[in-house]
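Structure first, commentary second.
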Amino acid sequence: MKLLEPGAVLDGFLIEECTHAGGWANISRGGLADDRTGPGFPMAMKIPRMTAGDGAENIVSFEVESQIMQVLTGSHVPRFVAVGDLSRVPWLVMEYVHGRTLQHWLDTEMPPSVGEIIHLGVAMAHAVHALHQQNTVHLDLKPANVLIRDDGSAVLLDFGLSCHAHYPDLLAEQLRKAVGSPAWIAPEQVVGVRGDPRSDIFAIGVMLYQLCTGELPFGEPQTAGGMRQRLWMDPTPPRKLKPDLPPWLQEVVLRCLEPEAAQRYPSGAHLAFDLANPEHIRVTERGNKVTGTKFRVHFKRWLKAAGMHYQPSPIASQQIDEVPIVMVAVPHNDVTDATLYSLRQAVARALGNRPGARLACVTVISSSQTSSSEDHKSESTVHRRYLTSLRQWAQPLDQPGQQTSFHVLESGDVAQAILDYATGNNVSVIVMGAATHGLKTQRFIATVPIKVAMDAPCTIILVKQSVPFELLGASVSPRDDKSDGHSDVDTGR
Amino acid sequence: MRLALMSDIHGNIQALDACLEHARQQRAERFAFLGDLVGYGADPSAVLERIMPLMADGAIVLKGNHDEMAVNPPTEVKNIGSSTATWTHSQLDPDQRAWLDALPMTVQLDKILLVHASADGPELWRYVYDERAATASLDAATRSPEVRYVFGGHVHEQSLYYRGSTSSLMKFTPQPGIAVPVPSHRQWLSTVGSVGQPRDGKPEAMYALLDTDRWQLSFHRVAYDHDAAAWAIRAAGLPDFFADRLELGR
């Protein structure tokens, strides 16, 4: 198909300037050619290139993108407007999103500060998580397909190679082979796996590596054998190329780039959490190393990788449901040991036997508790005190390999602080005490648990104390005279 | 047009009524019953009383292997499938038997071929359980070049077969209630599941709804009073096994 000139009209859509003339599609800005009411936002039209030499993959990709765009929602994808008749003239009209691609960013702003890398990484991880929650895996994330809005949030573009678990995967085939962009493609994609959300985590890892070092971790392989390298090979540690990079950041990047998907971050929410809370990252040898992996190790992995083959992936949203971020709001005053005990039991149940879950222990204190003038009330002293008691409280919950972090939030509005934290971190379950936060007075005022339960973006478990006090032995405090309810209240979303 | 595709009702009037009501709520405009209206279940006559007037109003009705057995029951019971045929035969009046006997094996509606089992020899009652059997059925059907879709039942499971990027078929297991685009430039084969005897561990009745204006196919699961259907089987003196399986969906 010839490039449509500005001013041309296609199926009622007036084409304006071309913003992207890519290998397989052109994208032009435009609007409605007649005076019908538009959707209320700027639009772009995508028209696949189909000249004699172009393969059938182009049109299949276009079909896949049209299907998936129609059902995706949220601020991390362009809004869908309309699609043309595939058998006549294929086109796709969607929202034109203002922003710069990460590619543009890489071309003009290198090297970024650590703070900027965090911002970009968190934005990408949130966007990818939102996509996975909708059962879609992108599978072709690369700097050209990530748009950064002026407000810093990320929008994902180009779903031509994506996979939606609710629809037949038109790009799958019996003779599985790699589909994707060689520099960013995940190892499991190389053997034909389509639908593992952790493939997108790998691609974010490649982009973070680029942001950190200016280089591609696996180069741009041109052959199938070259692409297979990432099934066993570790990239050069970023700190070997940029010695001033903090070890925790290398830990994050290399965890994203683990050859085995199970070793990577299990979801975008987990990745965003670590990037936003670097002080909680347990830095291992992976983060500290400044020399490449030894030949012996690579050779062993190479043998193992030789046996790697296609396996079907579970549905994306189910897979990320298995790795929840559980948040517990631990009260710090006016609380009985029995309540703290029940709260801990409830957290243990919420974590269940999910090895990939992570726990965030949060306590909200009022801003008046800290003071910049009195030493014993300085922010760091007060926070340290609360962090210590949080750690003590959570100690019995400690499981090997489980990630637990502790956070003191200062706010005058406890409920809002809990809600903001849960929303900002894609928390899956909030566990909080019912009585201690004033359930009894709920008839008179909207108490903290009621407000959180009403506005929570996720499941919330309200905990009442549920243990006979004798079990607690000597640790029962004399204040324990309440004997109200003996059940937990679970409120689904 | 919204075409409701129902198969393998197996004399289960409770499940049939629930699916008919569900389909009408989904604005179904036409019905197609893909065979095995009777057999196993306790209400073959009631099922036919429901479907015969629908056929007079334009519904498509196909013959299945159990319908054939109910007309001409085997003289000796060879397997579990034929164990209720004689009883079913006794429940139908001569008009109903004659009506069953006259049902067609396949019907073509423009781009759509309807068949109880496989289009590759409909009278052989081949099961379309996998890609190979689906390929044989679809290949046979698409010898008529205008055919793009084959819908059938017989296997009591909901599946959609499509061509991936190579020419061989791929099997897709649909999620209930989600409209799957099935554009007509591709070839599709689907088994729509069983209304009256689900066997995938869930008791809910199955059917599918095809929108031929937008070419979207939705697979549905409908809760119905399976206790009543199971009770009717026991009350009729049929083997408990057929009642138990309705409760368990096995």
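Looking only at region B:182-197, residues that are of a type outside the set (A, V, I, L, M, F, W, C) and crowded, with 19+ Cβ neighbours inside 10 Å come to 7 in all. Please work out if A:Arg230 is in contact with a strand residue (DSSP E or B) (Cβ under 8 Å, 6 or more places away or on another chain) and of a type outside the set (A, V, I, L, M). When the stated conditions are applied, A:Arg230 does not pass them.
Looking at region A:237-280, the helices (runs of 4 or more DSSP H) lying wholly inside it that each contain 2 or more residues that are more than 18 Å from A:Ala123 (Cα to Cα) sit at A:238-241, A:247-256. For B:Arg2, state whether it is touching a residue at least 60 places away in the same chain (Cβ under 8 Å) and among the basic types (Lys, Arg). Yes; evaluated as a whole, the condition is true for this residue.
Conditions tested, residue by residue: (1) assigned to a helix (DSSP H, G or I); (2) touching a helix residue (DSSP H, G or I) at 6+ places or on another chain (Cβ under 8 Å); (3) not hydroxyl-bearing (Ser, Thr, Tyr).
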position: A:Trp105; (1), (2), (3): yes, yes, yes
position: A:Pro112; (1), (2), (3): no, yes, yes
position: A:Ile118; (1), (2), (3): yes, yes, yes
position: A:Met124; (1), (2), (3): yes, yes, yes
position: A:Val128; (1), (2), (3): yes, yes, yes
position: A:Leu131; (1), (2), (3): yes, yes, yes
position: A:Asp150; (1), (2), (3): no, no, yes
position: A:Leu161; (1), (2), (3): no, yes, yes
position: A:Ala172; (1), (2), (3): no, no, yes
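Determine whether region B:106-122 contains at least one residue that is without any contact (Cβ under 8 Å) to a residue 12 or more places away in the chain and within 22 Å of B:Ile13 (Cβ to Cβ). The answer is no; no qualifying residue exists. Is there a residue being under 19 Å from the mean Cα position of the chain (by Cα), more than 12 Å from chain B (Cβ to nearest Cβ), over 25 Å from B:Ser218 (Cα atoms) and modelled with pLDDT of 90 or more anywhere in region A:159-173? Checked against the condition, which is being under 19 Å from the mean Cα position of the chain (by Cα), more than 12 Å from chain B (Cβ to nearest Cβ), over 25 Å from B:Ser218 (Cα atoms) and modelled with pLDDT of 90 or more, region A:159-173 yields no hits at all.
For (1) farther than 21 Å from A:Val146 by Cβ; (2) in contact (Cβ under 8 Å) with a residue 60 or more places away in the chain; (3) within 14 Å of chain B (Cβ to nearest Cβ); (4) out of contact with any Ser or Thr (no Cβ under 8 Å at 6 or more places or on another chain), each residue gets a yes or a no:
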{"site": "A:Ala186", "(1), (2), (3), (4)": "no, yes, no, no"}
{"site": "A:Val190", "(1), (2), (3), (4)": "yes, no, no, yes"}
{"site": "A:Pro197", "(1), (2), (3), (4)": "no, yes, no, no"}
{"site": "A:Asp200", "(1), (2), (3), (4)": "no, yes, no, yes"}
{"site": "A:Leu208", "(1), (2), (3), (4)": "no, yes, no, yes"}
{"site": "A:Gly214", "(1), (2), (3), (4)": "no, yes, no, yes"}
{"site": "A:Ala224", "(1), (2), (3), (4)": "yes, no, no, yes"}
{"site": "A:Pro235", "(1), (2), (3), (4)": "no, no, no, yes"}
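All told, B:Ala32 falls short of being out of contact with any helix residue (DSSP H, G or I) (no Cβ under 7 Å at 6 or more places or on another chain), outside any strand (DSSP E or B) and either of a type in the set (A, V, I, L, M) or free of Cβ contacts under 8 Å to residues at least 12 places away in the same chain (or both). Among the residues of this structure, A:Gly7 counts as one that is away from chain B (no Cβ under 14 Å), in contact with a Leu (Cβ under 8 Å, 6 or more places away or on another chain) and at pLDDT below 90. For residues in region B:200-227 being surrounded by fewer than 16 Cβ atoms within 10 Å (Cβ to Cβ) and more than 14 Å from chain A (Cβ to nearest Cβ), which is farthest from A:His166 (Cα to Cα)? Among them, the one singled out is B:Asp227.
Taking region A:62-91 as the range and being closer than 22 Å to A:Arg149 by Cβ, more than 13 Å from chain B (Cβ to nearest Cβ) and out of contact with any Asp or Glu (no Cβ under 6 Å at 6 or more places or on another chain) as the test, the residues that pass are A:Leu72, A:Thr73, A:Gly74, A:Ser75, A:His76, A:Val77, A:Phe80, A:Val81.
If you go through region A:98-121 one residue at a time, do you hit one that is in contact with a strand residue (DSSP E or B) (Cβ under 9 Å, 6 or more places away or on another chain), in contact (Cβ under 8 Å) with a residue 24 or more places away in the chain, within 12 Å of chain B (Cβ to nearest Cβ) and not hydrophobic (A, V, I, L, M, F, W, C)? Within region A:98-121 (the criterion being in contact with a strand residue (DSSP E or B) (Cβ under 9 Å, 6 or more places away or on another chain), in contact (Cβ under 8 Å) with a residue 24 or more places away in the chain, within 12 Å of chain B (Cβ to nearest Cβ) and not hydrophobic (A, V, I, L, M, F, W, C)), the answer is no, since none of the residues qualifies.
Among the residues of region A:213-229, some residue qualifies, meaning at least one is farther than 30 Å from A:Pro111 by Cβ, of a type in the set (S, T, N, Q) and assigned to a loop (DSSP other than H, G, I, E, B). Whether a residue is closer than 30 Å to A:His119 by Cβ and touching a Gly at 6+ places or on another chain (Cβ under 9 Å) was assessed, and A:Ser372 does not pass this test.
The values are calculated or read from the model by the stated rules, or taken from the named source; none is laboratory data. Note that the structure is predicted; figures quoted are calculated from it, not measured. No Cβ is skipped: glycine too gets one built from the backbone with ideal geometry, and neighbour counts run over all protein chains shown.
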